Amino acid sequence: MLSNRLRRELDAHLTGSDFAAYHGVNVIHRRKVWIPDLVVAPRDLDEIPDEDDLGVTAAGVAMVVEVVSPGHRNIVRDRDRKRREYARAGIPLYVLIDDHDGEGTVTILADPTPGKAAYADEHRVAYGTEATIPDGPAKGYTIGETITRP
């Protein structure tokens, strides 16, 4: 499964740092809860709890990854709604892995503008082309065919 391959590789890349990759973490911003496919956050999640202890505060999350789910509603949620919400929350990097965009694409969104709920920088490549994380704890990690292969 793509998200499991990615989590294992990200964890290996993050070895020796204060960060780790997680599945199934509730990311909280202004009482809204989002559950990305992967989160890169401090190794000790107790450093960034939300005030209601329902998950982690978005302000402490370094990167989120979504693997676009099939179905029109899911595609719109992952491509549009979550993109706006993660930018609004100021999450520095949003990686979107999309099997449903042509033959598949990886999009790395960076430089959020929370007031506009938008990312200023977008780098989108087709499967088969490497996409490199530009900044943050996962800087230099490359998403390529070892991750996006069928």
Inset, instruction - Give, as a single signed number, the net charge of other residues whose beta carbon lies under 11 Å from the beta carbon of GLY128, with Lys and Arg counted +1 and Asp and Glu -1. - result: -2
Legend entry - Listed peptides 96-106, 117-127, 69-79 by packing density, highest first (mean Cβ within 10 Å): 96-106, 117-127, 69-79
Legend entry - Net lengthening on full extension, HIS123/SER17 (0.36 nm per residue, minus Cα-Cα): 35.6 nm
Inset, instruction - Specify the inter-centroid distance of region 66-87 and region 1-46, based on alpha-carbon positions, in whole Å. - result: 17 Å
Legend entry - Partner lysines for LYS32 [C-alpha distance under 21 Å; skip if fewer than 8 residues away on the same chain]: LYS82, LYS116
Legend entry - Residue-averaged [θ]222 nm for the chain, counting only DSSP H segments that reach four residues, each worth -39500 (n - 2.57): -5000 deg cm²/dmol
Inset, instruction - Treat every Asp and Glu Cβ in the chain as -1 and every Lys and Arg Cβ as +1, leave all other atoms uncharged, and give the resulting dipole magnitude about the Cα centre to the nearest 20 debye. - result: 460 debye
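Each reported figure results from applying straightforward, stated rules to the coordinates on display, with no laboratory input. Computed from a predicted model, the values in this text were never measured in an experiment. As a convention, Cβ positions derive from the backbone with ideal geometry for all residues, glycine included, and neighbour counts pool all protein chains shown.
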